[in-house]
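Written out below as structure tokens is the structure these notes cover.
The values are calculated or read from the model by the stated rules, or taken from the named source; none is laboratory data. Keep in mind it's a predicted model, so treat the numbers as computed, not measured. Here Cβ is always computed from backbone atoms with ideal geometry, including for glycine, and neighbour counts include all displayed protein chains.
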């Protein structure tokens, strides 16, 4: 059994498992992990698989991380997992641990006080991948973590991995990284967003979940100087809930800001209940999703 | 379209409204407005009109009509929604304001036997197809 924590609760010496089903949530947590590492002066390495290195850099930028400058000065490295962790030859656990040890040594030589690594493990789900080596790697990597210079988050897509592998992954990692979820239902999901910090809501939101919305907004008001409401995945909001959001924005002092990203239909309702009259509120349009 | 609903049927109601309006050739924005208005009226019926209701949708010329009927105690003030609610307060009362802003006409009447409420909203939809009068009534 592992403890579920948020990315701000992982540090050097930690080996954590990030299991996800929502790609947005994974990228949000990875962005927060990268951001916190760069801010604390550590070196950060991202090994990506399902999206290209350039694509990941763009996703980080969209989440208020500034990867380009960090890439240029060498504090951040983003590479495809197949050309880095997995190496050019046969994939073996020993080989992967060696690559990781090399990164730890390099970061130390470069003067960084620690190394943060996050790796997308989706490669192990492809046909003919050496999936068994993944499990051996997860078990063998513990030795490197004992030195207190490495923090490793391994990403597992719950829709791609089988239950046996996921159970092993949960056991092999002392910590599990997950977003705080306020409400989860096939038609509505309300969870905390970490980068940029705020709340993410997807699905359909009406008066029946107003209390949960108020709870999420209250927490964000308390924790975040500037609140980001990511409503890009919200198909519908009613006047009651839109009113709760606008009222929360109206209560913010002039020095604070609430940025809402949403589609046109949601922006319409926010505007009708007085969103444009809230000086602290900025509404920016998200791309419309094709049905 | 003639659709009965209760609190558990609000998701399905929105999907049905969108499908019917799309079938009529309404634009994305017209469909959005119809869903916003129809849902606010249906929410009112569930919350204040006895817990359930009936929604009918039809078009006449270039106007979509959305009518919601409930069996509740009725709306005391048929002019409700004409004044803008205070955005600093999260109190109820925004639904009718929203509906009035997105419709060219919103008629609030008592039910036929003096019980319940009938609200009829007219939404301009100049691009809908014209297969014949009252096609979906």
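Here are some notes:
- Filter result for residue B:57 (modelled with pLDDT of 90 or more and either at positive phi or crowded, with 24+ Cβ neighbours inside 10 Å (or both)): no
- For segment A:36-59, the tally of residues that are farther than 15 Å from residue A:117 by Cβ and under 15 Å from the mean Cα position of the chain (by Cα) stands at 6.
- For segment A:234-241, the count of residues that are in contact with a helix residue (DSSP H, G or I) (Cβ under 9 Å, 6 or more places away or on another chain) and either closer than 15 Å to residue A:28 by Cβ or without any contact (Cβ under 8 Å) to a residue 12 or more places away in the chain (or both) is zero.
- Within segment A:102-143, the set of residues being surrounded by fewer than 18 Cβ atoms within 10 Å (Cβ to Cβ) and closer than 15 Å to residue A:13 by Cβ comprises A:108, A:113, A:142, A:143.
- Residue B:31 free of Cβ contacts under 8 Å to residues at least 24 places away in the same chain, at negative phi and within 10 Å of chain A (Cβ to nearest Cβ): yes
- Scope segment B:1-25; condition touching a helix residue (DSSP H, G or I) at 6+ places or on another chain (Cβ under 7 Å) and either part of a strand (DSSP E or B) or buried (at least 19 other Cβ atoms within 10 Å of the Cβ) (or both); matching residues: B:3, B:5, B:6, B:10, B:13, B:14, B:17, B:18, B:21
- Residue A:234 fulfils the conditions (1) facing another protein chain (nearest Cβ under 10 Å); (2) modelled with pLDDT of 95 or more; (3) crowded, with 20+ Cβ neighbours inside 10 Å; (4) under 21 Å from residue B:32 (Cα atoms) except for a single criterion, (1).
- Listed conditions (1) within 14 Å of chain B (Cβ to nearest Cβ); (2) more than 25 Å from residue A:61 (Cα to Cα) are all met by residue A:280, apart from (2).
- Considering the conditions (1) in a helix (DSSP H, G or I); (2) touching a residue at least 40 places away in the same chain (Cβ under 8 Å); (3) within 20 Å of residue A:35 (Cα to Cα), residue A:100 is excluded by exactly one of them, (3).
- Among the helices (runs of 4 or more DSSP H) confined to segment A:1-86, the ones with at least 2 residues that are under 16 Å from residue A:197 (Cβ atoms) and without any contact (Cβ under 8 Å) to a residue 40 or more places away in the chain are located at A:23-39, A:53-62.
- Among (1) within 14 Å of chain B (Cβ to nearest Cβ); (2) under 20 Å from residue A:276 (Cα atoms); (3) in contact with a strand residue (DSSP E or B) (Cβ under 7 Å, 6 or more places away or on another chain); (4) surrounded by fewer than 18 Cβ atoms within 10 Å (Cβ to Cβ) - the single one residue A:251 does not satisfy: (3)
- Residue list for segment A:255-275, restricted to those being part of a helix (DSSP H, G or I) and either more than 9 Å from chain B (Cβ to nearest Cβ) or surrounded by 17 or more Cβ atoms within 10 Å (Cβ to Cβ) (or both): A:265, A:266, A:267, A:268, A:269, A:270, A:271, A:272, A:275
- Which numbered condition residue B:41 fails, given (1) within 14 Å of chain A (Cβ to nearest Cβ); (2) without any contact (Cβ under 8 Å) to a residue 60 or more places away in the chain: (2)
- Filter result for residue B:89 (within 10 Å of chain A (Cβ to nearest Cβ) and surrounded by fewer than 17 Cβ atoms within 10 Å (Cβ to Cβ)): yes
- Just one residue in the set A:82, A:52 is at negative phi and either buried (at least 20 other Cβ atoms within 10 Å of the Cβ) or in contact with a helix residue (DSSP H, G or I) (Cβ under 7 Å, 6 or more places away or on another chain) (or both); that residue is A:82.
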